[in-house]
Amino acid sequence: MNPRNNEYDVSVMASSSPSPRNSNKHGIFLSFRGEDTRDNFTSHLYSALCHNNIETFIDNDLKRGDEISQSLLDTIEASTISIIIFSERYASSGWCLDELLKILECKHDYGQIVIPVFCRVDPSH
């Protein structure tokens with residue numbers, strides 16, 4: 001448990017680069033494994049960002065097992081910042097890995113800012 005927030009052991013590392021080339025629909029894209037963090041850390045982060053008037057995309061309507069849609073890939077590309085919430089089972093989700101691949105492509109191609117958050121996992125793993 002982290003004494004600063006009394007609930008989550010969260011480590012954050014930031015990486016910054018120039019803004020992407022395209023017009024942004026969302027300032028921030030949240031990538032997370034819903035089963036691990038949707039009803040706790042991610043929902044609290046999303047609420048805090050929205051409360052501070054930060055345009056944030058969270059997909060609450062994804063059906064498990066479906067392929068990642070082109071519109072979701074476009075949303076990732078149109079975001080200035082992606083926050084990746086790495087949790088215990090993030091890497092076991094093909095969907096999460098597809099999002100991660102697109103996020104890293106956007107970081108490389110457009111300079112998208114990527115902020116990894118390690119929620120209940122050691123960053124060295």
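Numerical summary
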| quantity | calculated |
| --- | --- |
| Every residue from the range 69-89 that is of a type in the set (A, V, I, L, M) and open to solvent by less than 10 Å² (accessible area, probe 1.4 Å) | L72, I76, A78, I84, I85 |
| Tally, over the range 99-125, of residues that are open to solvent by 70 Å² or more (accessible area, probe 1.4 Å), modelled with pLDDT under 95 and either among the acidic types (D, E) or farther than 15 Å from E35 by Cβ (or both) | 3 |
| Complete set of residues in the range 86-125 that are of a type in the set (S, T, N, Q) and more than 20 Å from T56 (Cα to Cα) | S92, S93, S124 |
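The values are calculated or read from the model by the stated rules, or taken from the named source; none is laboratory data. Model, not experiment: these values are computed from the prediction. Heads up, the Cβs are rebuilt from the backbone with ideal geometry, glycines too, and the neighbour counts pull from every protein chain shown. Keep in mind that these areas ignore ligands, DNA and RNA; they rest on the heavy atoms of the full protein, side chains included. Shrake-Rupley method; radii C 1.70, N 1.55, O 1.52, S 1.80 Å.
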